[in-house]
Structures are given as structure tokens and as C-alpha cells.
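Everything on this sheet refers to the single structure shown next.
The values are calculated or read from the model by the stated rules, or taken from the named source; none is laboratory data. Keep in mind that this is a model prediction, so the values were computed, not measured. All Cβ positions, even for glycine, are placed from backbone atoms using ideal geometry, and neighbour counts span all protein chains on display. The accessibility values were calculated without ligands, DNA or RNA, using every heavy atom of the protein model including side chains. Shrake-Rupley method; radii C 1.70, N 1.55, O 1.52, S 1.80 Å.
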Amino acid sequence: MKLSRHDAAAHDGRMPLMEHLRELRNRLIKAILAFVVGAIVGWLLFDPVWDFLKQPYCSLPQSHVVDKDECSLFVNGIFSSFFLKLKISCIIGAVISAPVWLYQLWAFVAPGLYQRERRWTYVFLGAAVPLFFVGTALAYVTVDKGLAIFLGFVADDVKPLITVDSYLGYVLTMLLVFGLTFELPLFVVVLNLAGVLSSKRIRRFQRMILFGIFVFAAVATPSADPFTMLALALPTVALFEVAALLAFFNDRRRARRPDPYEGLSDDEASPLELEAIDAELEKGDAAR
């Protein structure tokens, strides 16, 4: 099958600037349309999602200060309820449409990557998505513990009136902080695979990195209570140790490869295997 000039240029990874801009526009339109459809679905699914989000707070006795039979959250503005529903609908839309806009992003970037870089991208996405959801799941089961600690300081004659905006902001911050923090050890592995960060350097600064993880957990968590800090820091430390171990094995594997420049003095020119270089370049062009 004969490709058109546009398809052949896109397949080869070389396109004029205007063609790149047109492709970017088309992929942005597709991603936005998918997000809008997802937000509409999120609007219809608002009630079960909101019940799920408020469940950690509703499990606390402080949530029944107004009515012992119902969980109570409050709004302090005329439009607060509308914007609450809109915000949650947009969040659901972003999650539902994630396969579409991730694919559009990948389809725009992939033609400019070599085959080896594409493999790294597959590994990164294959690990990043599960790690993010594991982090958000841990945050969800931790939310009520942090709330219980701080609401436990309320005096007996004081009734806490928690607004919907403050509670939703707290929950979303917890989910994002835990989810994104669980991605940090993955960056250590990627940097090691790229040859930027060696396992020796990781071991050299290991104590400082572990201390930094605890400091970050104390600062990043919105409640800043000891339980939430440890719930974030300890799993992150465990993931970092796994990443350091993977970096160690990768460096050992890399060290077993023969060095083509071994034995050369500083002022001696290295042999250039032009045929091998040309073959690698042709192989890279064919893969792009």
C-alpha cells in the first residue's frame, strides 16, 4: 500500500511545523471531546461518587452533630452545590477519558521516539498507573484517621460544621499527594535506566533521601498529623528501597558488558567502526 506524502512524513517522524500544529490541534480536539463526554457521564454518576467520597467522614461520630441518623456537611453559598457537582463531574470525566487523552498524547509524541525510548515509555506507563491508584487507595483508607485525630480536639460544647468545599479539598489533596508521591521511586528507576543516576550515587545519598521523604510527607499532607505522615512516608521508603535495588541490578548488568574503549590512553583515538555506526543509524531510522 502506497502512503500519502503526509502519512509517509508522519511515519518517518519528519513533518513540517504547520503539519505538527494541525496534528496537535486535531488531537487536542479529540481529547477535549472525550473529556466533555466523560464529564457528562460524571454528572449522571454524581450521587454514587459523592457517597463514596464522603464515606470516610460519615464514619466519624462528629459527622452526626445535627442529625444522629444522617451525615451532615454544609454549604456556605448559593452556588456552592452547583460548583461541587461540576467539580466532581470534571474529575470523573478526566478519569473516564484518561485512555483517550493518554493515547492522543502518546500518538503525538511517539513518532519522534526511537524504539528503545518507546519501550521505556511502555514500562513507565505500565508501572505509573498502578502505582498512582495504589497511592490513592491508601489515601482513601487514611482520610478518616487524620480527620478523627483533629476533630477529636473539638471541645464537648463545640459543634464542628464542616463545609463541603473544605472537606472535598482535603480529600482531593490527599488523593493527589499520595498518588503522585508513589510515582517518585519510579523516576529513580527511569533515571537509572537512562544512565543519569547510578546505584552508587543512590547509596551515597540514601540517608539524605530517606530523611527528605519524611520531611516531604510531613509538609505535603494537608492534615500534617503523625499518622498520615507515616502512612505516606513508610510505603514511599519501601518503594524507594525497591527502586534502589532495581538500579543496583541494572548497574551490575550494565557493568558486565564489554567496554569498547577499555585499554585506550587519554591521548589515543578510539577506533571508529563506521559500518557498525551506519548500520545502527539505518536501524534507528527504520524503527522511527
Please work out which residue is least open to solvent (accessible area, probe 1.4 Å), limiting yourself to the range 1-45 and to residues that are modelled with pLDDT of 75 or more and over 30 Å from Phe83 (Cα atoms).
-> Glu23
Which of the residues that make up the range 149-189 are under 19 Å from the mean Cα position of the chain (by Cα) and either in a loop (DSSP other than H, G, I, E, B) or within 23 Å of Cys71 (Cβ to Cβ) (or both)?
-> Gly169, Tyr170, Val171, Leu172, Thr173, Met174, Leu175, Phe182, Glu183
Could you tell me whether the range 68-87 includes any residue that is within 24 Å of the chain's Cα centre (by Cα) and more than 30 Å from Val154 (Cβ to Cβ)?
-> yes
Only unsatisfied item for Thr228, checking (1) closer than 30 Å to Ala247 by Cα; (2) within 19 Å of the chain's Cα centre (by Cα); (3) not charged (D, E, K, R), is (2)
Can you tell me which residues in the range 97-137 are open to solvent by 50 Å² or more (accessible area, probe 1.4 Å) and within 30 Å of Leu60 (Cα to Cα)?
-> Pro130, Phe132, Phe133, Val134, Ala137
State yes or no: is Ala194 in contact with a helix residue (DSSP H, G or I) (Cβ under 9 Å, 6 or more places away or on another chain), within 20 Å of Ile91 (Cα to Cα) and small (Gly, Ala, Ser)?
-> no
From the option list Gly169, Gly212, Gly179, single residue qualifying as open to solvent by 30 Å² or more (accessible area, probe 1.4 Å) and at pLDDT 90 or above is Gly212
Could you tell me which numbered condition Gln62 fails, if it satisfies all but one of (1) more than 30 Å from the chain's Cα centre (by Cα); (2) open to solvent by 60 Å² or more (accessible area, probe 1.4 Å); (3) in contact (Cβ under 8 Å) with a residue 40 or more places away in the chain?
-> (2)
Report the residue count in the range 107-122 for those that are free of Cβ contacts under 8 Å to residues at least 24 places away in the same chain and under 23 Å from Pro185 (Cβ atoms).
-> 6
Being modelled with pLDDT of 90 or more, acidic (Asp, Glu) and either within 30 Å of Val141 (Cα to Cα) or open to solvent by 50 Å² or more (accessible area, probe 1.4 Å) (or both) narrows it down to one of Glu275, Glu241, so name that one.
-> Glu241
Residues in the range 220-229 that are out of contact with any Gly (no Cβ under 9 Å at 6 or more places or on another chain) and open to solvent by 80 Å² or more (accessible area, probe 1.4 Å) total 1
Failed item, numbered, when Gly77 is tested on (1) open to solvent by 70 Å² or more (accessible area, probe 1.4 Å); (2) touching an Asp or Glu at 6+ places or on another chain (Cβ under 9 Å); (3) assigned to a loop (DSSP other than H, G, I, E, B); (4) not hydrophobic (A, V, I, L, M, F, W, C) | (1)
Residues of the range 88-120 being within 16 Å of the chain's Cα centre (by Cα) and not hydrophobic (A, V, I, L, M, F, W, C), which ones?
-> Ser97, Pro99, Tyr103
Verdict on Ala217 being in contact with a Phe, Trp or Tyr (Cβ under 6 Å, 6 or more places away or on another chain), over 14 Å from Ala247 (Cβ atoms), in a helix (DSSP H, G or I) and open to solvent by less than 80 Å² (accessible area, probe 1.4 Å) | no
